[in-house]
Each structure stands twice: as structure tokens, then as C-alpha cells.
1. Given axes a ≥ b ≥ c from the Cα gyration tensor, I'd like to know whether the range 71-110 is rounded (a/c under 1.5), prolate (a/b larger than b/c) or oblate.
2. If a/c stays under 1.5 just call it rounded; otherwise compare a/b with b/c (prolate if a/b is bigger, oblate if not). Do that for the range 86-205, with a ≥ b ≥ c from the square roots of the Cα gyration tensor eigenvalues.
3. Of Ser65, Ser76, Ser103, which has the largest mean-square fluctuation in a 10 Å C-alpha GNM of the chain?
4. Which sequence of His108, His175 reflects their accessible areas, 1.4 Å probe, from the largest down?
5. Of [x] 16.1; [y] 15.3; [z] 12.8, which one was derived for mean projected area of the Cα convex hull in nm² from the structure shown?
6. To test your reading of the geometry: what angle, between 0 and 90 degrees and rounded to tens, separates the Cα axis of helix 19-41 from the longest principal axis of the chain?
7. If each residue of separation counts as 0.36 nm, what is the full-extension length gain between Ala24 and Glu87 once their alpha-carbon separation is subtracted?
8. If you count only protein heavy atoms with a 1.4 Å probe, what accessible area per residue comes out for the chain, rounded to a whole Å²?
Amino acid sequence: MLVMKAELTPTRSYRGLSQEERRAERRVRLIAAAIAVYGERGYHQATVKAVCEAAGLTERYFYESFANSEALLIDSFNAVTYKVVGEITQAANEAGRARTAKSRAMLHAYFAALQREPQSARVFLVEIRGVSRAVDQAFDAALRAIGKQVARIVAPPGAVEDELLQAGVVGGVIHIALRWIGDGYRPAIDEVVDSALKLGTVLAK
């Protein structure tokens, strides 16, 4: 009977949103604020207070959703990562059936995203590295997922399961991106894509 009563108790709402919806909204705001603050100051110089101020929330709400700053960094990284994965997947789907055309479209979408959103790029490429074992594991898991997704789209059947090749290609493209960003987004994006495509076509052959 107690279980039935709990199940039938309506969830309190405020301004049309349930408590769960409001909590999810606050979590999204904290992640967006973290990406902005980490991108501007760097993770190690960013405090929980600074992120909360950027989100317009108190620290109480931070600990409602995250155990610590590392947990927020991981979720911020994943938010950036899978947004980019969605963009490059869409670009590939719109590029036709040829593997090289798909590879070029994916690379262009990737570099364009890094150039368009430099704060997100910093979280994706720089701030995630070397913080802790847990953060490194999240980074590695994301790279594996990206490698598999890219391979499913552009690789021939024999290369789809070659995770070492996938790691090499994804890692190489990331290093190209780091150099490109460090050089002030020079040369032009099409030239960077041409360079990265030489790696991408290894996977597509």
C-alpha cells in the first residue's frame, strides 16, 4: 500500500515544470556555463563558484547534479564530443555514397565546429587531458566511440573492427587540430582538411 501511495503522489511543479524537469534544466545550464568558463580560464583556474555564477545558480544546485568538478568536466566534455559527432555524422550522410567524399565532409564539419566554437574546442582538446584517471578514461572512451562511428561510415568491411587503426587516425586528426588551433586557425580550413584527409583515407581504403 505504501508503494502504491508513493506511485500515485503527483510530482510538485513550478511554472509548469516538474522538479525533475527543473533539475535537468539546471544541469544543462551548469554544463553550458562550465564549457564557457573552462574555455575562457582553463579547468584548473575555474572554481565551482565561478561556474555557478556563470550559470546564474547557487553552489547548492551544483552539488545537486555533480559530485565534484571532475564529474562536471567529464559531462561537459561528453556534451561537446557528442554534439560534434552528431554534426560530422550529418555531414557524412549528406555527402553521397563515396567514402572519400564522406571523409572530406566529416573532416570539414569537425574543423568548422572547432573554429566556430573555440571554447568548446578547448574543452574537447586541451582541458580534458591529464586531470585524473577517471577523466582520462572518459577521454579514451569518447575517442573509441568516435573511431567506431567514423569507421562505420567510411571504412570498408575489413577495417571496421580495426580499433588500433581507428585510434591512429582519430589521434592524428586531433593532433592536426591542436597544431591548427595553436597557429591561430591557419592555414585556411580547406587546406587543413586536405592534410587530415590523407589520414582519413587510410581508414577509408
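The values are calculated or read from the model by the stated rules, or taken from the named source; none is laboratory data. Keep in mind the model is a prediction, meaning the values are calculated, not measured. Heads up: the accessible areas ignore ligands, DNA and RNA and are worked out on the full protein's heavy atoms, side chains in. Shrake-Rupley method; radii C 1.70, N 1.55, O 1.52, S 1.80 Å.
1. In terms of gyration-tensor shape, prolate.
2. oblate
3. Ser65
4. Accessible-area ranking of His108, His175, largest first: His175, His108.
5. [y]
6. The two axes meet at around 50 degrees.
7. Here the answer is 20.3 nm.
8. 57 Å²
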